[in-house]
1. What is the sum of charges around SER79, taking Lys and Arg as +1, Asp and Glu as -1, for the other residues whose C-beta is under 13 Å from the C-beta of SER79?
2. When the dipole is taken about the Cα centre of the stretch 1-82, and only Lys, Arg (+1) and Asp, Glu (-1) are charged at their Cβ, what size is it in debye, to the nearest 20?
3. Starting from the exponent 0.38 and prefactor 2.2 Å, build the expected Rg for the stretch 1-42 from its residue count and divide its actual Cα Rg by it.
4. Taking 8 Å as the Cα distance limit and 6 or more residues as the minimum spacing, I'd like the relative contact order of the stretch 34-87 as a percentage.
5. When Lys and Arg each count +1 and Asp and Glu each count -1, what net charge do the other residues less than 13 Å away from CYS59, Cβ to Cβ, add up to?
6. Find the all-direction average of the projected area of the Cα convex hull for the chain, expressing the result in square nanometres with one decimal place.
7. For the pair LEU5 and GLN69, what calculated FRET efficiency results from E = 1/(1 + (r/R0)^6), where r is the Cβ-Cβ distance and R0 = 22 Å, to the nearest 0.05?
Amino acid sequence: MDGFLETAARILDGAKSAVQTGHYEPVWTVLTGGLCGIRMIADTDWPLESLRRENSADCAFRVRVTHRQVLVDGLSRTSRCHLEYAR
């Protein structure tokens, strides 16, 4: 598995843990790499690509929590992914 997918899987695992403890936002974004290092943004409606470019990040991941699922959508300059965990 490449670094982009490993990061997405780690974010999904972290989101699952947050949901299990009851400490989470329904939507948040994680930006990684580039000039931003690691940055978390709660409840933004900006498109992932726009956030990635605006913050000079290498990758952007959007985490959404519903009553049945934890979803992670990610993108980098060259890749996209979608991971799901059914609760």
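A short reminder: the numbers here are calculations on the coordinates, not readings from a lab. The model shown is predicted, which means the values in this text are computed figures rather than measured ones. Because the Cβ atoms are built from the backbone with ideal geometry, glycine has one as well, and the counts that use them run over all protein chains shown.
1. On the way: positive: ARG52, ARG77, ARG80; negative: ASP2, GLU6, GLU49, ASP58, ASP73.
Surrounding charge for SER79 is -2.
2. 100
3. For the stretch 1-42, the normalised Cα radius of gyration is 1.25.
4. Working: 73 pairs, mean separation 13.8, N = 54.
Rounded, it is 26 percent for the stretch 34-87.
5. +2
6. 5.3
7. So, using R0 = 22 Å, E works out to roughly 0.70.
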